[in-house]
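The values are calculated or read from the model by the stated rules, or taken from the named source; none is laboratory data. Keep in mind the model is a prediction, meaning the values are calculated, not measured. No Cβ is skipped: glycine too gets one built from the backbone with ideal geometry, and neighbour counts run over all protein chains shown. Areas reflect the complete protein model, heavy atoms only, side chains present, ligands, DNA and RNA absent. Shrake-Rupley method; radii C 1.70, N 1.55, O 1.52, S 1.80 Å.
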2 protein chains.
Amino acid sequence: MIPKLSTVVIENLTPLVDGGRHPLKRIVGDDLVVEADVFKDGHDLVSALLKWRKQGDVAWNETPMTPLVNDRWHAVCSLFENTTYEYTIEAWGDPFRSWQQEFRKKFEAGVTPLTSETLEGAAIVRAAAQRALLPADKRRLEEIAALIETSEPAQVDATAHWSELEALMIAWADRTFSTEYLPYPQVIVDRERAGFAAWYEFFPRSAEGFPDKGSTFRSCLGRVDDAKAMGFDVVYFPPIHPIGTTHRKGKNNSVICEPDDPGVPYAIGNRHQKCPNGGGHRDVAPELGTLKDFDWLVAQIHQRGMEVALDFALNCSPDHPWVHDHPEWFFKRPDGTMKYAENPPKKYEDVYPLDYQNPNWRELWEELTQVILFWCGHGVKIFRVDNPHTKPVAFWQYLIGKVRATHPDAIFLSEAFTRPKMMKALAKSGFTQSYTYFTWRGNKYELSEYFTELTQTAMAEYFRGNLFTNTPDILPYFLQQGGRPAFMIRAALAATLSPLYGVYSGFELCENAAVPGKEEYLDSEKYQFKGRDWNAPGNIKEFLTRLNRIRRENRALQEYANLRFFHAENDNVLFYGKMTESRDNIILVVVNLDPWNRQDAYIQVPVEAFGWMETDTYQVHDLLWDERYLWHGGRNFVALDPHAKPVHILRVRRWMSREQDFDYYF
Amino acid sequence: MIPKLSTVVIENLTPLVDGGRHPLKRIVGDDLVVEADVFKDGHDLVSALLKWRKQGDVAWNETPMTPLVNDRWHAVCSLFENTTYEYTIEAWGDPFRSWQQEFRKKFEAGVTPLTSETLEGAAIVRAAAQRALLPADKRRLEEIAALIETSEPAQVDATAHWSELEALMIAWADRTFSTEYLPYPQVIVDRERAGFAAWYEFFPRSAEGFPDKGSTFRSCLGRVDDAKAMGFDVVYFPPIHPIGTTHRKGKNNSVICEPDDPGVPYAIGNRHQKCPNGGGHRDVAPELGTLKDFDWLVAQIHQRGMEVALDFALNCSPDHPWVHDHPEWFFKRPDGTMKYAENPPKKYEDVYPLDYQNPNWRELWEELTQVILFWCGHGVKIFRVDNPHTKPVAFWQYLIGKVRATHPDAIFLSEAFTRPKMMKALAKSGFTQSYTYFTWRGNKYELSEYFTELTQTAMAEYFRGNLFTNTPDILPYFLQQGGRPAFMIRAALAATLSPLYGVYSGFELCENAAVPGKEEYLDSEKYQFKGRDWNAPGNIKEFLTRLNRIRRENRALQEYANLRFFHAENDNVLFYGKMTESRDNIILVVVNLDPWNRQDAYIQVPVEAFGWMETDTYQVHDLLWDERYLWHGGRNFVALDPHAKPVHILRVRRWMSREQDFDYYF
C-alpha cells in the first residue's frame, strides 16, 4: 500500500524531550522557539508553518516559519494558557513562490518568449482565487490573474512581487499536498507559581512552638503571617491526616511510644478515630481540628496571596481504613498477615506499603487519584509527593494526567532523592517540580557542574528543580557545622540558583542540633512536640525577607534556564548570574562558600554578554546590603566576610557617563 | 482509561536513528550493541532482555542484558541474515532475585525468625515450577521449593544462590508484568558487498575504445576482465536503455546533433526503435545488443565473481513510451504541451521530468518500482540512482521498501550531490550507500573534519559513503592540475577512507583534459564515441591493483566506522588508521596531499590505542611498496615524494623482541 503522499521532509524538530516521547514544560506567557530541518526534492521553494493548539481543540493557531541556513527553519509562538498544548510543523512545496522566482530568473536572463510562463502564473493565482473563502480576496485574486495574463513580462515580474499578492497567496495557499510532523509533540504550560515560588514548610502542630502540646489549624495564623512577612508564598504542610496508633513511633524514632507522643504524621490513617471520611487520606487528624477548620485556614492563606501545599504520602499505618476495606491492595506474608515496610535489615512496622501491581491495581490507582481530586475540591492545588520513586512511574503519569485534565493549575513536586535516571523519569512523567541534589552540592565544582546540568542541558526542558535548604529528614552537615553564616550562604544559593526554593521551618532560627554522625535533626518534630521561640536571637529572618524581596523585584531571578556561571579566581568563591532576554534586568551573585573565613577574589564579569565593552564603566548595586560600587570592564575585586556579608547579590546597570545624559537610574 | 500496567522504565535506547524514526544499517555478521536506561520504582531488582527478530516473524531471539553503572544496561546480538530486523528490550521486576538479595541481607544481619521469608522464597520457586513447560524443570523446581520450605535459614540462603536454581528461575521467569520498549526500532542488515566493494564505471559503448563507433554488450568482456585484473568487483554501467532522438544533444553538450552522434544515455526512451518492451526503461538500446546479450554479459560478470550495477535515471526523452502512454505523469504547459526540464535560465529540451505528485502518482510510483524489479529479474541487484534528490524522499522510501521485501540483497546507491540535510534524508529513507562530498574535500582540515563526521557521528548508523574519485560529470580540479601523483593520491584516499569506493574509467589512464574553467571532461563520452588505449603509458593500473589487493587482504580496511585521524606535524600530510576490534589487523595510512612536492613529517602513532607502550618497538610494513621499518613509540618520521611514493599504507605488527620467541611474523 502506498501511504498518503508525503512531499516535504520535516526532521530534527527542537525542542523535544526524548525525541517527543514526553512533553516539554513551559510557564504561562513563555515563548516556544521551534526549529526544524524542512526541505523537499527538486527546485521548488518550501513554505512552512508552526502550528499549535490546546490539546482537544480542532483548530490550530499558525505562524509562518522563516528559513535560517542549511535547511533549518525557525518560528516562535507564545503560550498564554495554563493547559497542555500540542504543536507541529506543516510544510509544502509552494508553486507560487517557485514560479515567482523562476519567472524573475528567466526575465532577468532575457529569455523570450515568456508567454507560457505568464499563463502559468496567471493560472496559479486564479487557482488561489478559487480557494479563497473571502469574497473580497477572491475578487482581487481574479483581477490580478487577469492583469498578469494580459501583461508584458516586465509587468508580470513586477506584479508577481506585489506584497498584496504575496499576502493573498500565503493566506490562500494550496496545502493539499502539505506534510505534517507526526506525532504531535506536547508542551505542558503551567501557571506562574509552578515556576517561581518560595516555600515555607511547617508542621501545623508546631505552629505556636509549645514544647508539650500541639497547635491546631485555628492557631496556625501566627506562623502563616510570619512566613508571609518573610516573603514566602507557599505554605507547605507535612501530612495532616489521622495518625496510626498501632506500632506508633516515639521520640527520636524510638519503637517505644510514650502515651503522650503525638506520632509520626507519615504513618497515615486511623479508622478508630471519629472522622467523617473513615480516618484515611481524606480526613484531617482530629487533634488539628476539623475539615471545616482546615478550609478556614486555606481561605485565610489564600486571602494573604499565598497558597497551601499538602504532602501526598502514600504510607498506610496498620490502622488505615484501606487496610481493613481493601486488604487486596497490600502485600501479604505467607501466613496471610499484612507485610510492613522494610529496607533490610531495617523494619518499619508502623507502615504498610501498597502493592501497585495487585490484581485490583486499576481500582487502587483510581482511588489515589480521587484523593488528590478531593483535596483540589478543598482549595489545595499544590502537592508535594513523598517518595514517588517507590511507586511505578506509570502510576504518576496516570494520576497527574487525570488531575491536570480538570485542574491544569495543579502542581506536583516530586520528593525523590534517588538515582539520577529515576529523578529524570519522574519529571518526564508529569511532575511539575522536583527535589534535587542541591542539598549535597557544596563546593564550587559540584555546584557549577550540577546546576549547569540542570539548566543548560536537555533537562531544562522538563525538570524544574525546587531547592530545599533543609527538610525534616535532612539537616546537612554544612548547616550542622557552619553556624549562622552557613544558613545565610545556603539560603542565598537556593534563592538565586533557582526561581523555586524552600526552607523547612527552624531554618530561619539556624537550628542545627543533629543526631550525632547523621544528617538528621535531634529531637525531630516528626516524632514529638517541639518548643521554639520563633523570634529567637541570632535568627536570619531579616536576611530571608531581603532574599525574597530581591527575588520578587528582579525578573531575572524568576527564570530558570538563564543561569550562567562565571570565573572567580578563588575556589571558595562561587560567581554566577542571571539576566532577562532583553537585558533589562541583570543580576550577579557572588557567594563565599566558606562559612568561617573571609575570602577575596578577582572575578571576571561577562561584560560582552551584557553588550558592553571591556573599557566600560558600570554600576553594581548590592541589593542585599544596599551598597553601590563602580566597576570597570571584566576583572573586578570582591571580599566576602561570612560573619558580616557572605554574599553579594548585585544588580548591574550601565553607568551613563556622557554629559548629555542625566542620570535617570537614581 | 488506565493503560496496560507498565512497571519498568526503559529509556534512552541506543543506537537509534532520529529517536527510532528510521532504521539503523548493519552488514551481515555485524554485532548490534544495544544499551538503555532500565529501572523501576522501589527496591525490586530488575531483569532485562535484548530481543530481536526478522520483521514479520512472531518469535523473538533473546539474550539477557547486564547492568553497567547508573541504571545503564547493555547487551549484544549478532545479525546473521540479509533482511530487516526489529529489536526491543523487555524488562521486569524480578521477585526471585529481589527475594534472594533481601533474604541474604536479613540473614547476615542476624534477623530472626526468618520463617515467613523462607515460605515466601519457596512460594516464588513453586510458582516458577507451575510456569515451567519442561517436565524435568518443573520437577526440579518443585523439589527445590520443598527443600527451601523445610530448611534452616543458612541452608535457605545457600540454596537460593545455587546456580542451577538461578538458571531455572531465569528460564521460567514471570514476565506477566514485563514492559517492552515501543515502538520496535528497526535495523536493515545488508549483504557484505553493500559494505565493502570497489566499483568500476564504464560506458558499454566505449568498451573497446574505438573513436568512431560504439561497442556492444558482446564486446565488453575485455573491459570487464581488465577491471577484474585491477581488483574491482562491481562493474557499473551508465544507462543502457534506448536513447531519444528528439532534441538529441551533440558532442560536448551541443544542441546541434550530427547524424552519427550516439546521444546521451541519460535521455532515456525511444519508442520509435524496435524494442520488445516499448523502448523505455525495460529495454536496452538496440545499438548495444538485445536483452539476451545483456543477460549473457551479466552471467559472464557473475562468473568472474563480480556484479553489475545499473544506473536508475528517471529522465524521459520526448520519445519515451511513457510520454505517449501516460502523458498525465508529466508536467504540462498552459498550452497543453509537455514541459521539459529546466534550471532557469538553462533548458534541457531533451528531457521531460516526471510529476511525482500527479493525480495518478500511485500508478507512476508502482511502475517505477516494477522497473527495478524487472532488472532484478535479469540478475541485477545493484542500482546507482541518478539525482534522487529531485524526486520525493517518500517515493524512495516506498520503492526501496517494496524492492527489499522480495530482494533484500538489492543495493541502492544514492547519487545525490546536494545540500547536507537531503543527503542524510535519502540515506535514512533506505538508500544502502551514498555519494559524498569526497570529490570536493582536498586539504587536511576538510578531509579529517568531513570523514570524522561521516564515521564518528550518528551518520555512521545509517549513511555509508561510497567515494568516487571522478564521475562522467566531475573531473575535479585537483586531478586536472596534479597529474599522475594526484590520481594516485585520490585513489589511495578513496580506497582507504571508506570500504566503498569507485572510479570512472579513464581514471586509471590519468585522463585529465577538461572543459576550460570547469570540472567537466572535454569531449566527454556522454555525448560521443571516445578513442582510448586502455593500456596507455603512464597509467596507474598497477597502483590500483595493489590498492584493491591490500583492501581485500586487510579486514581493517573493510570496516567503515573504525576510521581515526592522527596527528602529523605537517599540514600537507594526512595521517589516519583503521583497526579491527580485536586489534589483529592494524593499518596506518600516511598521504602526501601535495602532488608536486616532497613532504616530510613527524607523525604521532597512537601506540596506546594498540595496547602498547611508548617504549615499545614495532614493525611497520608498507603494503604498497613492500618496504619495512622498525618504529619506536609514538613519534616517527615519514618522507613522501609524490613522484615516487606519495602514500604509505602500513600494516603495523608488534615487534617481538624477547629472546624466547621465534619471529613467526616473517
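Pick from B:GLY483, B:GLY506, B:GLY531: which is touching a residue at least 24 places away in the same chain (Cβ under 8 Å), closer than 22 Å to B:PRO204 by Cβ, open to solvent by 10 Å² or more (accessible area, probe 1.4 Å) and among the small types (Gly, Ala, Ser)?
Details: B:GLY483 fails: closer than 22 Å to B:PRO204 by Cβ; B:GLY506 fails: open to solvent by 10 Å² or more (accessible area, probe 1.4 Å).
Being touching a residue at least 24 places away in the same chain (Cβ under 8 Å), closer than 22 Å to B:PRO204 by Cβ, open to solvent by 10 Å² or more (accessible area, probe 1.4 Å) and among the small types (Gly, Ala, Ser) holds for just one of B:GLY483, B:GLY506, B:GLY531, which is B:GLY531.
When the stretch B:330-356 is filtered for residues that are surrounded by 14 or more Cβ atoms within 10 Å (Cβ to Cβ), facing chain A (nearest Cβ under 9 Å) and either of a type in the set (Val, Ile, Thr) or under 31 Å from the mean Cα position of the chain (by Cα) (or both), the ones remaining, listed by number, are B:PRO353, B:TYR356.
With respect to the conditions (1) over 32 Å from the mean Cα position of the chain (by Cα); (2) within 14 Å of chain B (Cβ to nearest Cβ); (3) closer than 30 Å to A:LEU221 by Cβ; (4) not hydrophobic (A, V, I, L, M, F, W, C), A:ASN315 lacks only one, and its number is (1).
Considering the stretch B:368-384, and only residues there that are in contact (Cβ under 8 Å) with a residue 40 or more places away in the chain and open to solvent by 20 Å² or more (accessible area, probe 1.4 Å), the residue that is farthest from the other protein chains (Cβ to nearest Cβ) turns out to be B:GLY379.
Would you confirm whether any residue within the stretch A:301-308 is assigned to a loop (DSSP other than H, G, I, E, B), of a type in the set (Asp, Glu), crowded, with 17+ Cβ neighbours inside 10 Å and in the same structural domain as A:PHE202 (by TED's automatic domain parsing)?
No, that holds for no residue.
With the requirement that a residue be within 14 Å of chain B (Cβ to nearest Cβ), of a type in the set (D, E, K, R) and in a helix (DSSP H, G or I), what does the stretch A:385-411 give you? Hit for the stretch A:385-411 is A:LYS402, nothing else. Inspection of the stretch B:100-109 identifies at least one residue that is open to solvent by 10 Å² or more (accessible area, probe 1.4 Å) and under 16 Å from B:ALA173 (Cβ atoms).
Within the stretch B:121-178, being β-branched (Val, Ile, Thr) and either open to solvent by less than 60 Å² (accessible area, probe 1.4 Å) or not assigned by TED's automatic domain parsing to the domain that holds B:PHE103 (or both) holds for B:ILE124, B:VAL125, B:ILE144, B:ILE148, B:VAL156, B:THR159.
Considering (1) more than 14 Å from chain B (Cβ to nearest Cβ); (2) open to solvent by 20 Å² or more (accessible area, probe 1.4 Å); (3) among the aliphatic types (A, V, I, L, M), the lone condition that A:LEU68 does not fulfil carries the number (1).
On the basis of being open to solvent by 40 Å² or more (accessible area, probe 1.4 Å), closer than 30 Å to A:GLY401 by Cα and more than 14 Å from every other protein chain (Cβ to nearest Cβ), does A:ALA59 make the cut?
Details: open to solvent by 40 Å² or more (accessible area, probe 1.4 Å): yes; closer than 30 Å to A:GLY401 by Cα: yes; more than 14 Å from every other protein chain (Cβ to nearest Cβ): yes.
Yes; evaluated as a whole, the condition is true for this residue.
It is to be established whether one or more residues within the stretch B:112-125 are in contact with a strand residue (DSSP E or B) (Cβ under 8 Å, 6 or more places away or on another chain) and not basic (Lys, Arg). Break it down into steps so the answer makes sense when it comes.
Step one: list which residues in the stretch B:112-125 are in contact with a strand residue (DSSP E or B) (Cβ under 8 Å, 6 or more places away or on another chain), which gives none.
No; the residues of the stretch B:112-125 include none that is in contact with a strand residue (DSSP E or B) (Cβ under 8 Å, 6 or more places away or on another chain) and not basic (Lys, Arg).
Considering only the stretch A:4-11, I want to know if a residue exists there that is in a loop (DSSP other than H, G, I, E, B) and crowded, with 22+ Cβ neighbours inside 10 Å. Scanning the stretch A:4-11, I find at least one residue that is in a loop (DSSP other than H, G, I, E, B) and crowded, with 22+ Cβ neighbours inside 10 Å, so the answer is yes.
Taken together, the residues in the stretch A:408-419 that are over 17 Å from the mean Cα position of the chain (by Cα) and not hydrophobic (A, V, I, L, M, F, W, C) amount to 2.
Run down B:ALA127, B:ALA132, B:ALA145 and say which single residue is at pLDDT 95 or above, over 52 Å from the mean Cα position of the chain (by Cα) and away from chain A (no Cβ under 11 Å). Step through it out loud before you land on a result.
Details: B:ALA127 fails: over 52 Å from the mean Cα position of the chain (by Cα); B:ALA132 fails: over 52 Å from the mean Cα position of the chain (by Cα).
None of the others qualify; the one that does is B:ALA145.
Can you say whether B:PHE417 is among the aromatic types (Phe, Trp, Tyr), in a loop (DSSP other than H, G, I, E, B) and either buried (at least 23 other Cβ atoms within 10 Å of the Cβ) or out of contact with any Cys (no Cβ under 6 Å at 6 or more places or on another chain) (or both), as far as the supplied structure shows? Yes. Taking each residue of the stretch B:107-118 that is more than 8 Å from every other protein chain (Cβ to nearest Cβ) and looking for partners that are open to solvent by 20 Å² or more (accessible area, probe 1.4 Å) and part of a helix (DSSP H, G or I) with beta-carbon atoms closer than 6 Å, six or more apart or interchain, yields B:PHE107/B:PRO153; B:LEU114/B:PRO153.
Looking at B:ALA427, B:ALA460, B:ALA486, can you tell me which residue is assigned by TED's automatic domain parsing to the domain that holds B:ASP409, assigned to a helix (DSSP H, G or I) and within 26 Å of B:ASP594 (Cβ to Cβ)?
Details: B:ALA427 fails: within 26 Å of B:ASP594 (Cβ to Cβ); B:ALA460 fails: within 26 Å of B:ASP594 (Cβ to Cβ).
Just a single option satisfies the conditions, and that option is B:ALA486.
For the stretch A:235-263, what are the residues that are in contact with a helix residue (DSSP H, G or I) (Cβ under 8 Å, 6 or more places away or on another chain) and of a type in the set (Val, Ile, Thr)? Residues satisfying the conditions are A:VAL235, A:ILE240. Of all residues in the stretch B:420-439, those satisfying the criterion of being closer than 18 Å to B:ARG490 by Cβ and buried (at least 23 other Cβ atoms within 10 Å of the Cβ) are B:TYR435, B:THR436, B:PHE438. Does the stretch A:160-171 include one or more residues that are assigned to a strand (DSSP E or B), in contact with a Pro (Cβ under 9 Å, 6 or more places away or on another chain) and within 26 Å of A:ALA36 (Cβ to Cβ)? Scanning the stretch A:160-171, I find no residue that is assigned to a strand (DSSP E or B), in contact with a Pro (Cβ under 9 Å, 6 or more places away or on another chain) and within 26 Å of A:ALA36 (Cβ to Cβ), so the answer is no.
Just one of the listed residues (A:GLY42, A:GLY20) is at the interface with chain B (Cβ under 10 Å from one of its Cβ atoms), open to solvent by less than 40 Å² (accessible area, probe 1.4 Å) and closer than 16 Å to B:ALA425 by Cβ, and it is A:GLY42.
Set side by side, the residues B:ALA492, B:ALA536 differ, and just one is of a type in the set (A, V, I, L, M, F, W, C), open to solvent by less than 30 Å² (accessible area, probe 1.4 Å) and more than 20 Å from the chain's Cα centre (by Cα), which is B:ALA536.
Just checking, which of A:ASP293, A:ASP319 is open to solvent by less than 50 Å² (accessible area, probe 1.4 Å) and in a helix (DSSP H, G or I)?
Values: A:ASP319 fails: in a helix (DSSP H, G or I).
Being open to solvent by less than 50 Å² (accessible area, probe 1.4 Å) and in a helix (DSSP H, G or I) holds for just one of A:ASP293, A:ASP319, which is A:ASP293.
Output yes when any residue across the stretch A:559-571 is within 21 Å of A:GLY195 (Cβ to Cβ), modelled with pLDDT under 95, open to solvent by 50 Å² or more (accessible area, probe 1.4 Å) and not assigned by TED's automatic domain parsing to the domain that holds A:THR471, and no when none is. For the stretch A:559-571, residues within 21 Å of A:GLY195 (Cβ to Cβ), modelled with pLDDT under 95, open to solvent by 50 Å² or more (accessible area, probe 1.4 Å) and not assigned by TED's automatic domain parsing to the domain that holds A:THR471: absent.
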